[in-house]
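*Asks:* Please see the structure below; I have some questions.
Derivation of every value follows stated rules applied to the coordinates shown; laboratory data play no part. Bear in mind that the values here come from a model prediction, so they are computed numbers and not experimental data. Every residue, glycine among them, receives a Cβ derived from its backbone with ideal geometry; neighbour counts consider all protein chains shown.
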Amino acid sequence: MVRHSRAAVISRLTRYWLSPLPAPLERWRRGPWRPGAFPSGLRSTALTSRLGMWLGLAFAVCFVTGLLSHLIQHPPGWFWWPSRPIRLYQVTQGLHVITGLASAPLLVAKLWSVYPRLFTWPPARTVGHAAERGAVAALVAASLFQVVSGILNIFQTYALMPFFFTAAHHWVAWLLIGAMLIHLGTRRLRSERMSPDRRRLLLGVGAAAGLITLFTAGQTVRPLAPIALLAPRRPNEGPQGLPVNKTATAAGVAAAIHDPAYRMIVAGPTGELSFDLAALNALPQHTAILPITCVEGWSSTATWTGVRLRDLVALAGADPEHAVAEVESLQAGGRYRVSTVASEHVRDPLTLIALRLRGDLLHADHGYPARLIAPNRPGVLQTKWVGRITVREES
Ligand SMILES: Nc1nc2c(c(=O)[nH]1)N[C@H]1C(S)=C(S)[C@@H](COP(=O)(O)O)O[C@H]1N2
Ligand SMILES: [Mo]
């Protein structure tokens, strides 16, 4: 076996990285490739790097908050998420949507400022140059995909996305962050000064990002609701003054929820209990003011009344301090028909199997006859039309 010293391997790789590629024919240099094809004097490396800085910052916040949301929904063994403060997830998911939306104008401006570089001549000088350009292409593609698919998700236009949104959005996020780190690593530092008109352009892009934020933040920040012109949903519009994610009809439960034979089954270590509506109403009732925070970007707070999950867990013979509950909907299929409630949330006295919303029985679309509502949890985990709860003691 031939042994290479580390220095020799690195120098060999470097030489490969810097090895020149064949030059293209000069007569292929047409259209946008010809010299002076982009006369705008506004573009500059100073402008590009400032836009990049803001975009990088927005992407970083968006990535961290998005990853957190993913972990909460698909918790690996090491992951732990508290039930308090009750609005923590509302804040992190709000930041995710706001930074994602604000990055749209930043991305457009940044792409405008660099797109002449798409036509550099020769397209690739060395192997390394070609690889760097490949990483930039991946970065551009991933950025566009994330911003566009995120916006389509907020507007619930899943029909335009022939893939499972959350999985694609999650994996492309890693691609984007990886490509962004490579890009930052290969970037040359630019410290040129900004001319006044470039500064004005930057201010305009900043203002666009700010206005988009202002006109959409109302779907989660209540005082801004009246001006949520760009937001598809207002936090106070819908049955009982609350938006609906999936209606009872769409979930196929419209008949089952009004069936007089409805019983809620609570299965635990000591066997199965069955509650009809009168029995559920006869249990101690508690009230909690909690938000629903949909991963699609809206959130809204309401007053919920019902039975504490920890009381049901205790009735089923488990220790409410150390139990996990699986809450199942009457819905036959669908991704959100069942959710697991970790012990932090089972234990929390604010976690309810709610029977009432703002004092009235739940509207069919909000989960009648009973729905889960827990503090500091994504909306997707607030299971509606609950039919069965399976309790396990934590090992
Ligand atoms: N059974 C069931 N529960 C569900 C859903 C669902 O599709 N099926 N959607 C979830 C989602 S994504 C959200 S945001 C909340 C919305 O609750 P609401 O429609 O009462 O506002 O319900 C959750 N509970
Ligand atoms: Mo949701």
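*Asks:* Just Thr45, Thr92, Thr65 to compare: in a GNM of the chain, with alpha carbon springs under 10 Å, which one fluctuates most?
*Replies:* Between Thr45, Thr92, Thr65, it is Thr45 that shows the largest mean-square fluctuation.
*Asks:* Further question on the same structure: Looking at His4, Ala168, Ser329, which one has the Cα that reaches farthest to the positive end of the dipole of the chain (charges on Cβ: Lys, Arg +1; Asp, Glu -1)?
*Replies:* Value: His4.
*Asks:* Mind checking which of Thr157, Thr216, Thr48 has the largest fluctuation in a GNM of the chain, springs on alpha carbons under 10 Å?
*Replies:* Thr157
*Asks:* Could you pull out every whole DSSP H run in the chain that spans at least 24 Å of Cα extent along its own axis and averages 0.5 or higher on the Kyte-Doolittle scale? Spell out each step's value before the answer.
*Replies:* Working: long enough: 45-73 (41 Å, 1.31); 88-114 (37 Å, 1.03); 127-154 (40 Å, 1.28); 165-186 (31 Å, 1.21); 196-217 (31 Å, 0.75).
Within the chain the helices that satisfy the rule are 45-73, 88-114, 127-154, 165-186, 196-217.
*Asks:* Pull out a ≥ b ≥ c, the square roots of the eigenvalues of the alpha-carbon gyration tensor of region 248-393, then state rounded if a/c is under 1.5, prolate if not and a/b is larger than b/c, and oblate in the remaining case.
*Replies:* On the way: a/c = 1.36, a/b = 1.14, b/c = 1.19.
Verdict is rounded for region 248-393.
*Asks:* Treating only the Cβ of Lys, Arg, Asp and Glu as charged (+1, +1, -1, -1), what charge dipole size does the chain show about its Cα centre? Round to the nearest 20 debye. Don't jump to the answer; show the numbers that get you there.
*Replies:* Details: 40 positive and 20 negative charges, 547 e Å.
Value, rounded to 20: 2620 debye.
*Asks:* Between rounded, prolate and oblate, where does region 142-205 land on the alpha carbon gyration tensor, with a ≥ b ≥ c its root eigenvalues, rounded for a/c under 1.5, else prolate if a/b exceeds b/c?
*Replies:* Cα axes put region 142-205 in the oblate bin.
*Asks:* Separate question: DSSP beta bridges in the chain, what fraction antiparallel, as a percent rounded to 5? Mind dumping the intermediate values first?
*Replies:* On the way: 35 of 39 bridges.
Here the share of antiparallel DSSP bridges comes out near 90 percent.
*Asks:* So what is the relative contact order of the chain, in percent, for Cα pairs below 8 Å that sit 6 or more residues apart?
*Replies:* 17
*Asks:* Additional query: Who wins for biggest fluctuation among Leu25, Leu55, Leu362 in a Gaussian network model of the chain, springs between alpha carbons below 10 Å?
*Replies:* Leu25
*Asks:* Ok, one more. From the P(r) of the chain, can you give the percent of Cα pairs sitting at distances over 28 Å?
*Replies:* 57
*Asks:* Go through Gly241, Ser49, Ala209 and say which Cα lies farthest out towards the positive end of the charge dipole of the chain; charges sit on Cβ, +1 for Lys and Arg, -1 for Asp and Glu.
*Replies:* Comparing the listed Cα positions along the dipole, Ser49 ranks first.
*Asks:* Within 10 Å of each candidate Cβ there may be at most 13 other Cβ atoms; applying that plus a DSSP loop requirement, which GluC sites (Glu not before Pro) in region 305-395 survive?
*Replies:* Numbers: sites: Glu321, Glu326, Glu328, Glu344, Glu393, Glu394; in loops: Glu321, Glu394.
Those that pass, being in a loop and sparsely packed, are Glu321, Glu394.
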